[in-house]
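Below you'll find the structure, written out as structure tokens, and then a few comments.
The values are calculated or read from the model by the stated rules, or taken from the named source; none is laboratory data. As the structure is a computational prediction, the values presented were derived from the model and not from experiment. Please note: Cβ atoms are built from the backbone with ideal geometry, for glycine as well, and neighbour counts cover all protein chains shown.
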Amino acid sequence: MSDDLEVRDLHAFYGTAHVLFGVDLTVPAGTTTALLGRNGAGKTTLLRSIANAEVKTSGSVRYGPTDLRALAPHRVARAGVQLVPEDRRIFTRLTVRENLRLATKAATPDRPALSVDRIVDLFPLLGDLIGRAGYALSGGEQQLLAIARAMVGNPSLLLLDEPSEGLAPRIVEQVGEVIRRLQSEFTLTVVLAEQNSHFAVGLADAVCVIDDGRVVFDGSAEAFAAQDAVRERYLQV
Amino acid sequence: MIILATGLTDGMLIFLVASGLTLVLGVMRVVNFSHGGFFMIGAYLAYELLRGHAQPIWVFVLLVIVASAATAVVGLVSERVLFRRLYKLPEVTSLLGTYALLLILEGGAQLIWGQNPVTQAEPSSLVHAFTVAGAQVPRYDILIVAAGVLTAAGLQVLIKRTEFGRQLTAVAEDRFMAGLLGVNVNRVFAATFALGIFLAGLGGALAGPTLSMVPDIAVTFILQAFAVVIIGGFGSIGGSLIAALALGLLNSFLASDAPSLADFSLYILMAAVLIVRPQGLLGSRQLVGEDL
């Protein structure tokens, strides 16, 4: 079972700051959309708004039949939606295994949790780190654990916020391989927010570019490749 | 010997109160001034159930637990009505909110039980003292020390070895992320609060026979509990245990050898620890879930 993600006329606010202005985005079930834009364009806010995580919003965010805006964060998780935040947010006091086991709360009877063994099969590196405390992990290890932890609840919609940020090129490649493997082994709908457009577009079926809280391009990855003007205007730093 | 026994007993009572306080502070980041109010409610509820008379020990223990559980229920109601609104507010607001609750609890106790002191007898089989190394140690002290040891061990197992402990540790560190992973943060808060208030009630119920009960005990005891939380390190159960025992023993030694200093033991210990380790004995920048 999988569903389309449909965002309609989404406005988002932090306190009195208006951050997103009428964003529309459709991500068909089982596909990956790269969400591009400069720092501060609203990528993180859009992902948080989809997960209904500490952002005030108006408009509509539907995942299949479910109105995600009506759900508390833990219910969003149990609806099969997982957000992997940009700062990874590993629980430093818990071990890798405990971080993974905590995430079983997101599973439901129809979407049973993945076992630790299955996770280690998907993320072999974590096998050697399983008893290590979160604070003792490197940035790359934390990123892999953050994605692995999101997968424990067997989600169908994965929201990845800048997974390549701050990582060495070799580690970025590993993260890319992991995402590719997840796409091929699971029926996953993915929104991949990135500043590294080369990395993201290589993994995506479609591209959405936002700037100052508005969608400025929305099309297939091939169409995006032909849009030199969009790339230059909205993505060059 | 008697000094040691008294110090340990007092220390364990303070620990029971401080452990609940530090738990709530560590997980919810709320400084709960009303904690002492729940200590007082626990003492009075146990008094109501035991009717002030000496009871067989098993009746005493059972009714003390019932009184603590009833206190926890009052705590849960206040969590629902008051605390849930405080989690996201600035600290000053939540300080005022919990202080207001303390006044309400004290006022309520005055209406129900009046200002005149009441006393609760010890359990019938524990009235007498027994002799250790030539000193007379009240048997009731043993019960308090046993309760403290069981509580410390129980909390350690709960936090380190159970699913709930894992959730509590995660929520204490990062409630936002815990929620994203499917943990019902409000439920963890409510359960943690109920546990903290249960411990306050337990402290009060067990302290009953050692006190003359007036509504004011809500304030007198909480001061020591706060000092212990500060000395032990915010959110550290193990730190609270060490600090509470140290405070109890220091109190007891000074009371016998330097009575004029006894009232200052709290401040002496707090100043000494804070000069050397401002974060408290076992404190760190993060809260709860570590050590014991």
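Couple of notes before you dig in:
- Filtered by the rule that a residue be part of a helix (DSSP H, G or I) and of a type outside the set (Val, Ile, Thr), region A:25-50 gives A:Lys43, A:Leu46, A:Leu47, A:Arg48, A:Ser49.
- For A:Ile119, the conditions (1) surrounded by fewer than 22 Cβ atoms within 10 Å (Cβ to Cβ); (2) at pLDDT 95 or above; (3) under 28 Å from A:Arg170 (Cβ atoms) are fulfilled apart from (1).
- Total residues in region A:52-90, condition within 19 Å of B:Arg187 (Cα to Cα), touching a helix residue (DSSP H, G or I) at 6+ places or on another chain (Cβ under 7 Å) and either assigned to a strand (DSSP E or B) or at the interface with chain B (Cβ under 9 Å from one of its Cβ atoms) (or both): 7
- Pairs are defined by a Cβ separation below 6 Å, a sequence spacing of at least 6 or placement on different chains, a first member in region B:164-182 that is within 14 Å of A:Ala77 (Cα to Cα) and more than 7 Å from chain A (Cβ to nearest Cβ), and a second member that is surrounded by 24 or more Cβ atoms within 10 Å (Cβ to Cβ) and of a type in the set (A, V, I, L, M, F, W, C); the pairs so defined are B:Ala178/B:Ala170; B:Ala178/B:Val171.
- So B:Thr71, is it modelled with pLDDT of 95 or more and part of a helix (DSSP H, G or I): yes
- For the residues A:Arg181, A:Arg149, the requirement of being of a type in the set (D, E, K, R), in contact (Cβ under 8 Å) with a residue 40 or more places away in the chain and surrounded by 21 or more Cβ atoms within 10 Å (Cβ to Cβ) singles out A:Arg149.
- Meets criteria (more than 24 Å from B:Val219 (Cα to Cα) and among the aliphatic types (A, V, I, L, M)) for B:Leu150: yes
- Test result for B:Thr98, surrounded by fewer than 21 Cβ atoms within 10 Å (Cβ to Cβ), at pLDDT below 95 and out of contact with any helix residue (DSSP H, G or I) (no Cβ under 6 Å at 6 or more places or on another chain): no
- One residue from A:Ala41, A:Ala29, A:Ala12 being more than 13 Å from chain B (Cβ to nearest Cβ), closer than 14 Å to A:Ser156 by Cβ and of a type in the set (A, V, I, L, M): A:Ala29
- Close pairs (7 angstrom Cβ cut-off, 6 or more residues apart or separate chains): farther than 14 Å from B:Phe15 by Cβ in region B:192-214, acidic (Asp, Glu) anywhere: B:Phe193/B:Glu79; B:Pro209/B:Glu122
- Number of the exception - A:Thr104 against (1) among the β-branched types (Val, Ile, Thr); (2) within 12 Å of chain B (Cβ to nearest Cβ); (3) under 21 Å from A:Cys208 (Cα atoms): (3)
- Residue that is in a helix (DSSP H, G or I) and farther than 23 Å from B:Leu245 by Cα, where the choices are B:Leu105, B:Leu158: B:Leu105
- Condition met for A:Thr26 (in contact (Cβ under 8 Å) with a residue 12 or more places away in the chain, closer than 24 Å to A:Leu182 by Cβ, surrounded by fewer than 20 Cβ atoms within 10 Å (Cβ to Cβ) and not hydrophobic (A, V, I, L, M, F, W, C)): yes
- Any hit, region B:92-100, residues being more than 14 Å from every other protein chain (Cβ to nearest Cβ), touching a strand residue (DSSP E or B) at 6+ places or on another chain (Cβ under 8 Å) and part of a helix (DSSP H, G or I): no
- Filtering region B:183-202 to residues that are more than 9 Å from every other protein chain (Cβ to nearest Cβ) and over 19 Å from B:Val74 (Cβ atoms) leaves only B:Val188.
- Annotation for region B:229-239: no member residue is away from chain A (no Cβ under 14 Å), within 18 Å of the chain's Cα centre (by Cα) and among the polar types (S, T, N, Q).
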